[in-house]
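**Student:** Below is one structure. I have some questions about it.
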Amino acid sequence: MEKASINPFQLFALMVLFELGSAIVITIGIEAEQDAWISILLALAAGVAVFMVYSYLYKQFPGHSLIDFSQKIIGKYPGWVLGLLYMLYFLYIAMRVLRDFGDLLLTSTMPETPLFVINFFMVMTIIYVLYLGIEVLARTGEFFLLLLLLLGILANMLILFSGIIDVNNLLPVLGNGWKPVFQAAFPLVLNFPFGEIIVFTMLFPYLNQGSKIPKTGILALVFSGLLITITTSMNIAVLGMEIVSRTTFPLLTAVGKIRVADFLERLDAFVVVTLVIGMFFKIAIFTYASILGVTKLFNVNTHRKLVFPLGLILLLGSVAIAGNFSDHLEEGLDVVPYYLHMPFQIYIPFVLLLITIVRKKFSSGDIVGNNDAQSKTQRYQ
Amino acid sequence: MKKKKTRKTTSRFSLFNRSKNRSADFAEEMSTQIEQAIDSTDGIDSRVQKNIDRLKDIMGNSHDFIVREVIIRTEPFIQAAAMYIDGLADHTLISDFIIKAILEENHPTGDVEPAALLTTIKKQMLTIANVTMEDDWKTIVHSLLSGNTILFVDGIPKAFVGETAGGEWRSIEEPTSEITIRGAKDSFNESLLTNISLIRRRIKSPQVRIDLFQLGTLSRTDTVIFYIDGITDRRIVQEVEQRMKQIKADKITGSSYVEEWIQDQTLTVFPTVFNTERPDIVVNCLMEGRVAILVDGSPFALIVPTDFSQFFKAAEDYYQRFDLSTLIRVLRYFAFSVSLLGPSIYIALITFHQDLIPTTLVISLAAQREGIPFPAFIEALIMEVTFEVLREAGVRMPRAIGQAVSIVGALVIGQAAVQAGIVSAAMVIVVAGTAIASFTTPAYNLAVAARILRFAMMFLAATMGLYGILLGLIIMIAHLTSLKSFGSPYLSPFAPFYPKEHADGLFRFPQWLRRKSEGKTFSQTERG
């Protein structure tokens with residue numbers, strides 16, 4: 001574990017960038033049709049609840065990351081294996097996001113560039129930044145969050161001013177009843193993007209004010225959730241349900257429709273900037289969590305030794321995991337949520353929570369107390 | 001692995017110890033000739049003639065080493081000799097307050113003890129302001145070379161050292177690189193004492209601290225660090241002192257030498273030490289809890305710690321209305337981005353993203369580029385390199401011929417190149433706009449950073465388009481956030497984000513509004 005500390009605002013920035021990362025540019029909750037915004041809000045509420053579980057677990061073992069406290073809860077060896085599984089999960093999701101990113105960039109702006117080249121440059125950037133450490137990543141996040149917010153506000157204003165919003169596209173509300181809304185929200189939207197916040201349990205120990213984790217996390221979730229809701233509704237309002245359900249990249253199409261005063265047009269570059277920056281942080285955070293975990297599990301003395309090898313695996317994996325984009329999307333919709341996201345994001349943390357609560361009740365807080373003392377010494381080392 | 005580590009730490013430790021023991025260091029590194037000459041003499045003789053010979057020997061019979069022998073009295077015979085370096089010492093001071101004083105004063109009569117004579121000379125005869133007694137040859141030689149006058153008197157085995165440093169300096173002139181309309185019009189010159197006085201005059205507080213270092217084993221350059229006790233963080237001062245002590249150079253001929261020794265990171269295009277030639281800026285920085293370093297012979301003061309935003313603060317900002325200053329500052333950041341990204345964005349749009357350019361514009365651009373034989377990247381490279389060459393020629397040429405360069409440059413870069421069909425008119429506009437934008441950065445050394453990175457960005461744009469530029473930006477920002485200047489994060493008011501510091505960061509708030517935040521000085525802010 002590197003010696004570093006980040007402040008609550010930096011954690012907030014990383015979380016928001018992470019959440020927005022891919023969710024803002026692609027469609028989520030579209031199974032609910034024009035009620036996608038309700039699905040997203042429902043999933044957001046559930047996501048906040050799930051996040052409370054993570055931060056409760058961290059509160060029981062302050063100063064310990066996910067793989068540390070899982071070893072404390074279910075024993076050393078089972079915990080180690082679980083940690084390894086989590087690391088593989090994070091790395092695999094990083095690969096998936098990188099693949100998503102490469103394909104989106106390919107289809108939207110650089111149709112003639114090979115996927116490998118695009119991913120290669122992205123991975124090189126990630127390797128450089130992760131080599132510099134979590135502090136640098138967090139501060140860079142802070143900087144780019146402010147930039148993206150400015151860009152977002154500008155783009156939204158322009159959409160508003162160009163008068164292409166048609167609110168009728170969002171009606172009727174709940175035209176098909178609650179069922180499709182719930183089906184869209186659970187598990188898809190809950191898992192992606194909100195449940196993925198579990199990756200931050202690896203970063204909690206770096207926060208210099210540990211007590212602020214629940215507040216910061218919930219704030220970040222709500223903030224990014226609302227932004228996603230607004231963007232999705234805006235897309236539907238501008239493009240209509242028909243087009244949104246057919247494009248992979250609705251934000252690009254929506255922003256492409258901006259036309260103000262006959263010269264402000266073709267602002268697609270805004271969306272590309274958002275895509276690259278958001279995806280960069282999402283992939284970087286997943287990869288960093290994985291690197292950090294492997295560093296701990298195998299007692300490597302510094303994470304820097306692992307940045308390059310794991311980066312290489314990430315690059316090759318991102319190209320190799322699927323034969324083509326539609327295979328990749330199919331896996332992402334039919335397999336990953338049920339066999340990977342649900343267990344790793346929801347089931348396992350809940351089981352850990354149950355075990356902790358039960359043990360706390362029966363051992364009258366003894367174990368937890370010990371852990372607290374240990375963790376404190378570890379933090380001050 | 002462990003062994004290696006310990007060895008490293010011990011060696012560093014010993015290095016530190018050695019540099020602490022400065023007099024030992026001095027003897028070790030003095031050039032051998034002087035060293036032997038000084039070592040062979042064992043203290044100061046009571047006969048004047050012998051001392052003169054020794055000092056002449058040490059100075060190698062140098063032409064500008066002047067010895068003025070006087071006779072204090074004849075019965076008993078007491079001779080004295082004043083020695084100084086011509087040009088370093090002030091002639092008027094020497095003749096009026098040392099020679100004249102000795103020759104004209106009423107001398108004690110009868111036999112006098114050496115001790116009594118010494119007191120008489122020091123207290124009743126020498127009329128110069130500052131006189132010290134020295135009996136160490138090294139100190140004597142050093143003060144002689146600093147422009148002081150050495151006085152030997154028969155029967156006294158000590159030397160009088162009168163402070164007569166003077167000579168010719170450039171007078172205090174208007175700043176040449178940081179010009180203001182309403183601000184103070186004085187700037188530093190090459191004399192350390194003058195520079196110190198320029199700062200002292202502006203802060204009449206006994207809390208101002210000045211520590212002297214002599215750097216360079218041969219040049220023995222006086223260097224001072226300035227800070228304000230009670231405002232500046234002690235840890236920063238200690239860090240500066242420690243780094244200054246670790247300088248192992250034989251000569252320091254300018255503040256940039258010191259900068260290269262003490263800066264945090266060498267492998268970066270961004271400057272991590274700020275420099276200024278304006279005393280008012282130094283005073284502002286001292287008040288913010290920074291440390292200033294002044295080097296004798298250099299008209300530029302160094303300021304540490306610094307941050308990225310400081311390089312965008314022009315002296316003029318504090319002398320104009322706050323609204324104008326704020327707008328101009330934002331404009332500077334914008335111009336900096338243009339000078340960094342201008343050509344690369346153009347290359348990316350022309351090469352990869354024609355669809356992002358509005359239709360009418362893309363048609364006109366395509367028409368312009370019709371006969372151009374090069375891809376946009378090569379075209380931009382040709383223009384940028386030509387411009388760099390012209391700029392360098394303009395700077396290095398004697399001022400009289402400079403005009404010719406600018407005429408040729410304007411013709412070559414401008415009309416002729418376009419008419420010859422080598423470059424497109426749009427490219428000329430982009431390159432010229434970039435060049436003008438790069439002149440708005442108040443600090444030259446930061447403008448240079450953008451100048452270097454511009455080429456890297458152009459390359460990235462040519463290979464990966466907008467995507468390449470974005471990745472380049474991410475890498476640049478990450479690099480900037482990883483930099484530190486004396487322990488404080490380089491990109492600090494932006495990342496880590498300190499909103500309050502933007503009162504004098506991205507913006508410049510009115511003075512009365514800033515007063516609130518002034519209690520929270522640079523040093524007390526929590527910094528990673």
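The values are calculated or read from the model by the stated rules, or taken from the named source; none is laboratory data. Just so we're clear, the structure is a prediction, and the values are computed from it rather than from any experiment. With ideal geometry, Cβ positions are generated from the backbone for all residues, glycine too; neighbour counts draw on all protein chains shown.
**Student:** So which residues in the range B:122-141 are surrounded by 13 or more Cβ atoms within 10 Å (Cβ to Cβ) and of a type in the set (D, E, K, R), if there are any at all? Working first, answer last.
**Tutor:** Taking the range B:122-141 first, the residues surrounded by 13 or more Cβ atoms within 10 Å (Cβ to Cβ) are B:122, B:124-128, B:131-132, B:134, B:136-141.
Answer for the range B:122-141, where residues must be surrounded by 13 or more Cβ atoms within 10 Å (Cβ to Cβ) and of a type in the set (D, E, K, R): B:Lys122, B:Glu134, B:Asp136, B:Lys138.
Per-residue answers, yes or no, for (1) out of contact with any Cys (no Cβ under 6 Å at 6 or more places or on another chain); (2) without any contact (Cβ under 8 Å) to a residue 40 or more places away in the chain; (3) more than 14 Å from chain A (Cβ to nearest Cβ); (4) not in a helix (DSSP H, G or I):
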| site | (1), (2), (3), (4) |
| --- | --- |
| B:Phe455 | yes, no, yes, no |
| B:Ile477 | yes, yes, no, no |
| B:Thr481 | yes, yes, no, no |
| B:Leu506 | yes, no, no, yes |
| B:Trp512 | yes, yes, yes, no |
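**Student:** Of the residues that make up the range B:314-333, is at least one under 22 Å from B:Leu466 (Cβ atoms) and of a type in the set (A, V, I, L, M, F, W, C)?
**Tutor:** Filtering the range B:314-333 down to residues under 22 Å from B:Leu466 (Cβ atoms) leaves B:333.
Checking the rest, the ones that are also of a type in the set (A, V, I, L, M, F, W, C) come to none.
So far as the range B:314-333 goes, no, none of its residues is under 22 Å from B:Leu466 (Cβ atoms) and of a type in the set (A, V, I, L, M, F, W, C).
**Student:** From the list B:Thr521, B:Thr441, B:Thr525, exactly one residue is within 14 Å of another protein chain (Cβ to nearest Cβ) and either modelled with pLDDT under 95 or surrounded by fewer than 16 Cβ atoms within 10 Å (Cβ to Cβ) (or both). Which is it?
**Tutor:** On the way: B:Thr521 fails: within 14 Å of another protein chain (Cβ to nearest Cβ); B:Thr441 fails: within 14 Å of another protein chain (Cβ to nearest Cβ).
The unique qualifying residue is B:Thr525.
**Student:** Count, please, the residues in the range A:1-30 that happen to be charged (D, E, K, R) and under 15 Å from A:Leu227 (Cα atoms).
**Tutor:** Of the range A:1-30, the ones charged (D, E, K, R) are A:2-3, A:19.
Checking which are under 15 Å from A:Leu227 (Cα atoms) leaves us with A:19.
Counting residues in the range A:1-30 that are charged (D, E, K, R) and under 15 Å from A:Leu227 (Cα atoms) gives 1.
**Student:** Restricting attention to the range B:173-200, and to residues there that are among the hydrophobic types (A, V, I, L, M, F, W, C) and more than 17 Å from the chain's Cα centre (by Cα), which single residue is farthest from B:Tyr319 (Cα to Cα)? Before the answer, list the steps.
**Tutor:** The first filter runs over the range B:173-200 and keeps only residues among the hydrophobic types (A, V, I, L, M, F, W, C), leaving B:179, B:181, B:184, B:188, B:192-193, B:196, B:198-199.
If we keep only those that are more than 17 Å from the chain's Cα centre (by Cα) too, we end up with B:179, B:181, B:184.
Details: B:Ile179: 12, B:Ile181: 8, B:Ala184: 9 Å.
Ranking the qualifying residues of the range B:173-200, first place goes to B:Ile179.
**Student:** Going by the conditions given, is A:Leu146 of a type in the set (A, V, I, L, M), crowded, with 17+ Cβ neighbours inside 10 Å and modelled with pLDDT of 90 or more? Reasoning before the result, please.
**Tutor:** Numbers: of a type in the set (A, V, I, L, M): yes; crowded, with 17+ Cβ neighbours inside 10 Å: no; modelled with pLDDT of 90 or more: yes.
So A:Leu146 does not fit the description; no.
**Student:** Any residue at all in the range B:94-115 that is closer than 23 Å to B:Ile44 by Cα, hydrophobic (A, V, I, L, M, F, W, C), under 35 Å from the mean Cα position of the chain (by Cα) and modelled with pLDDT under 90?
**Tutor:** Applying the first criterion (closer than 23 Å to B:Ile44 by Cα) to the range B:94-115 yields B:94, B:98-99, B:102, B:111-115.
Subsequent filtering for residues that are hydrophobic (A, V, I, L, M, F, W, C) retains B:94, B:98-99, B:102, B:112, B:115.
Next, only the ones that are under 35 Å from the mean Cα position of the chain (by Cα) stay: B:94.
Adding the requirement that they be modelled with pLDDT under 90 leaves B:94.
Checking the range B:94-115: at least one residue is closer than 23 Å to B:Ile44 by Cα, hydrophobic (A, V, I, L, M, F, W, C), under 35 Å from the mean Cα position of the chain (by Cα) and modelled with pLDDT under 90.
**Student:** Could you go through the range A:186-194 and let me know if any residue there is over 14 Å from A:Thr27 (Cβ atoms) and touching a His at 6+ places or on another chain (Cβ under 8 Å). Let's see the steps before the verdict.
**Tutor:** Of all residues in the range A:186-194, those over 14 Å from A:Thr27 (Cβ atoms) come to A:186-187, A:190-191, A:194.
Applying the additional criterion that residues be touching a His at 6+ places or on another chain (Cβ under 8 Å) yields A:187, A:191.
Checking the range A:186-194: at least one residue is over 14 Å from A:Thr27 (Cβ atoms) and touching a His at 6+ places or on another chain (Cβ under 8 Å).
**Student:** May I ask you to say which residue of B:Glu260, B:Glu277 is closer than 30 Å to B:Ser146 by Cβ and free of Cβ contacts under 8 Å to residues at least 12 places away in the same chain?
**Tutor:** Values: B:Glu277 fails: free of Cβ contacts under 8 Å to residues at least 12 places away in the same chain.
Just one listed residue meets the conditions, B:Glu260.
Yes or no, residue by residue, for (1) closer than 24 Å to A:Asn301 by Cβ; (2) free of Cβ contacts under 8 Å to residues at least 12 places away in the same chain; (3) surrounded by fewer than 22 Cβ atoms within 10 Å (Cβ to Cβ):
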residue	(1), (2), (3)
A:Ile67	yes, no, no
A:Ser70	yes, no, no
A:Lys76	yes, yes, yes
A:Met87	yes, no, no
A:Phe90	yes, no, no
A:Phe116	no, no, yes
A:Met122	no, no, no
A:Val129	yes, no, no
A:Leu132	yes, yes, yes
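**Student:** Right, something else. What is the residue count in the range A:15-29 for residues that are away from chain B (no Cβ under 12 Å), assigned to a helix (DSSP H, G or I) and among the hydrophobic types (A, V, I, L, M, F, W, C)?
**Tutor:** Going through the range A:15-29, the residues away from chain B (no Cβ under 12 Å) turn out to be A:15-16, A:18-29.
From what is left, the residues that are assigned to a helix (DSSP H, G or I) are A:15-16, A:18-23.
Cutting the leftovers down to among the hydrophobic types (A, V, I, L, M, F, W, C) gives us A:15-16, A:18, A:20, A:23.
Total meeting the criteria: 5.
**Student:** Moving on. Across the range B:254-270, what is the number of residues that are polar (S, T, N, Q) and surrounded by fewer than 17 Cβ atoms within 10 Å (Cβ to Cβ)?
**Tutor:** Initial filter on the range B:254-270 (polar (S, T, N, Q)): B:255-256, B:263, B:265-266, B:268.
Imposing the further condition that a residue be surrounded by fewer than 17 Cβ atoms within 10 Å (Cβ to Cβ) reduces the set to B:256, B:265-266, B:268.
Result for the range B:254-270: 4.
**Student:** For A:Thr232, state whether it is over 29 Å from A:Ile348 (Cα atoms), part of a helix (DSSP H, G or I), in contact (Cβ under 8 Å) with a residue 40 or more places away in the chain and not aliphatic (A, V, I, L, M).
**Tutor:** Details: over 29 Å from A:Ile348 (Cα atoms): yes; part of a helix (DSSP H, G or I): yes; in contact (Cβ under 8 Å) with a residue 40 or more places away in the chain: yes; not aliphatic (A, V, I, L, M): yes.
So A:Thr232 passes the test.
Condition check ((1) at pLDDT 90 or above; (2) under 24 Å from A:Leu17 (Cβ atoms); (3) within 13 Å of another protein chain (Cβ to nearest Cβ); (4) more than 26 Å from the chain's Cα centre (by Cα)) across all residues:
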| position | (1), (2), (3), (4) |
| --- | --- |
| A:Ser245 | no, no, no, no |
| A:Val260 | no, no, yes, yes |
| A:Leu267 | no, yes, yes, no |
| A:Met279 | yes, yes, yes, no |
| A:Ala284 | yes, yes, yes, no |
| A:Ala289 | yes, yes, no, no |
| A:Val294 | yes, yes, no, no |
| A:Asn299 | yes, no, no, yes |
| A:Leu306 | yes, yes, no, no |
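**Student:** Which of the following residues is out of contact with any strand residue (DSSP E or B) (no Cβ under 8 Å at 6 or more places or on another chain), under 30 Å from A:Met87 (Cα atoms) and not acidic (Asp, Glu): A:Val260, A:Val273? Write out each step before concluding.
**Tutor:** On the way: A:Val260 fails: under 30 Å from A:Met87 (Cα atoms).
On inspection, the qualifying residue turns out to be A:Val273.
**Student:** Hey, does the range A:213-230 have a residue that's within 13 Å of another protein chain (Cβ to nearest Cβ) and within 29 Å of B:Ile469 (Cα to Cα)? Step through it out loud before you land on a result.
**Tutor:** So in the range A:213-230, the residues within 13 Å of another protein chain (Cβ to nearest Cβ) come out as none.
No - not one qualifying residue is present in the range A:213-230.
**Student:** Separate question: Within the range A:46-155, which helices (runs of 4 or more DSSP H) (wholly inside it) include 1 or more residues that are of a type outside the set (Asp, Glu) and within 14 Å of chain B (Cβ to nearest Cβ)? Even if it seems obvious, please write down each step before you answer.
**Tutor:** Values: elements: A:66-74, A:76-108, A:115-132.
Hits in the range A:46-155: A:76-108, A:115-132.
**Student:** Oh, and also: Looking for something part of a helix (DSSP H, G or I) and touching a residue at least 24 places away in the same chain (Cβ under 8 Å) - is there at least one such residue anywhere in the range B:297-309?
**Tutor:** yes
**Student:** Another question, if that's okay. Can you tell me which of B:Phe308, B:Phe377 is touching a helix residue (DSSP H, G or I) at 6+ places or on another chain (Cβ under 9 Å), within 14 Å of chain A (Cβ to nearest Cβ) and closer than 30 Å to B:Ala478 by Cβ?
**Tutor:** On the way: B:Phe377 fails: within 14 Å of chain A (Cβ to nearest Cβ).
B:Phe308 is the lone residue from the list that is touching a helix residue (DSSP H, G or I) at 6+ places or on another chain (Cβ under 9 Å), within 14 Å of chain A (Cβ to nearest Cβ) and closer than 30 Å to B:Ala478 by Cβ.
**Student:** Related question: Answer yes or no as to whether A:Gly163 is assigned to a helix (DSSP H, G or I), surrounded by fewer than 23 Cβ atoms within 10 Å (Cβ to Cβ), more than 14 Å from chain B (Cβ to nearest Cβ) and small (Gly, Ala, Ser).
**Tutor:** Working: assigned to a helix (DSSP H, G or I): no; surrounded by fewer than 23 Cβ atoms within 10 Å (Cβ to Cβ): yes; more than 14 Å from chain B (Cβ to nearest Cβ): yes; small (Gly, Ala, Ser): yes.
Here the answer is no, as A:Gly163 does not meet what is asked.
**Student:** If a residue has to be closer than 21 Å to B:Leu324 by Cα and crowded, with 16+ Cβ neighbours inside 10 Å to count, how many in the range B:173-204 make the cut?
**Tutor:** 4
**Student:** List the number of the failed condition for B:Arg329; all other conditions in (1) surrounded by fewer than 16 Cβ atoms within 10 Å (Cβ to Cβ); (2) of a type outside the set (Ser, Thr, Tyr); (3) in a helix (DSSP H, G or I) hold.
**Tutor:** B:Arg329 satisfies every listed condition except (1).
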